[in-house]
Amino acid sequence: LPVGVWGVLVSSAGTGWLGIVPAEAAPANVAGWLALSAASLSTVAIRRHWPWFAIMTLAVLAAAGGAVGLPAETIALLVLTYTAAAYLPVRQSAAATVLLWVPMIVTTVAHGSVVADLELNTAVFVIINVMAADVAYLFGRIVFTRRRYVAALVERARTAEENQRALAAQAVELDRCHHLLFGNSVLFRVATVLGPSPYGVGLRDCHDIA
């Protein structure tokens, strides 16, 4: 979806959410929270084309939001964590996961207002976020492994098909040249009795020998 569509969806979802939850549970800076959510979810729209740009942008937004007391957009964090784990090598995906979650957790805990609004203990808040990051990462790695396995099977099937075609072509060539076996035997006997041929006749010229 285009970035503008993501923004409209986030704004609509945020407005509906504010109408459902109690007033004390809503963020103090509603406009800032909606803007942060829209900007965070816009990274989901570009994650396939520019994964590292999306990861870096979301990491900065989540950390900055936590530093000013705004809750991070957990959906965007989960989606980008899953995407990094599913499409990037293991070291890069692990680094992306740490980059997405650790600064956000540190700044959010340091500010304290988000944790207080959620009425959670700091340790519980950290454990919940670490578990969420782990689950998204593990699901992504499972998909990554499965994609690698399927790609290996496709490559094996392609190699087997190429080998089969090569063997079929070789069999056809041998079938065309089977009469050379008898011609070779005749030439060997003639050369043994008469010596080298004065006409330079070789195996290439013996296709019609019967």
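The values are calculated or read from the model by the stated rules, or taken from the named source; none is laboratory data. Remember, it's a predicted structure, so these values are computed and weren't measured experimentally. Cβ atoms come from the backbone with ideal geometry, glycine included; neighbour counts cover every protein chain shown. SASA here: full protein model, heavy atoms, side chains in, ligands and nucleic acids out. Shrake-Rupley method; radii C 1.70, N 1.55, O 1.52, S 1.80 Å.
Identify, please: which residue in the stretch 84-93 is touching a Ser or Thr at 6+ places or on another chain (Cβ under 9 Å) and open to solvent by less than 40 Å² (accessible area, probe 1.4 Å) and is, among those, nearest to residue 135 (Cα to Cα)? Quick ask: steps written out before the conclusion?
First pass over the stretch 84-93, keeping only residues touching a Ser or Thr at 6+ places or on another chain (Cβ under 9 Å): 84-87, 93.
Of the ones still in play, those that are also open to solvent by less than 40 Å² (accessible area, probe 1.4 Å) are 84-86, 93.
On the way: 84: 13, 85: 11, 86: 12, 93: 13 Å.
Once the filter is applied, the top-ranked residue is 85.
Name every residue in the stretch 119-142 that is surrounded by 12 or more Cβ atoms within 10 Å (Cβ to Cβ) and either touching a residue at least 60 places away in the same chain (Cβ under 8 Å) or of a type in the set (S, T, N, Q) (or both), in order of residue number.
Residues satisfying the conditions are 122, 129.
Would you please list the contacts, defined by Cβ atoms under 6 Å and residues six or more apart or on different chains, that run from a residue in the stretch 94-113 that is open to solvent by 60 Å² or more (accessible area, probe 1.4 Å) to a residue that is not in a helix (DSSP H, G or I)?
Correct list of pairs: 111/69.
Pick out the one residue from 176, 189, 165 that is open to solvent by 90 Å² or more (accessible area, probe 1.4 Å), more than 30 Å from residue 84 (Cβ to Cβ) and modelled with pLDDT under 55. Before the answer, list the steps.
Values: 176 fails: modelled with pLDDT under 55; 165 fails: modelled with pLDDT under 55.
Criteria check complete, one pass: 189.
Name the one entry in 135, 115, 126 that is closer than 27 Å to residue 32 by Cβ, at pLDDT 90 or above and assigned to a helix (DSSP H, G or I). Steps first, answer last, please.
Working: 135 fails: closer than 27 Å to residue 32 by Cβ; 115 fails: at pLDDT 90 or above.
Selected residue: 126, the only one of 135, 115, 126 that is closer than 27 Å to residue 32 by Cβ, at pLDDT 90 or above and assigned to a helix (DSSP H, G or I).
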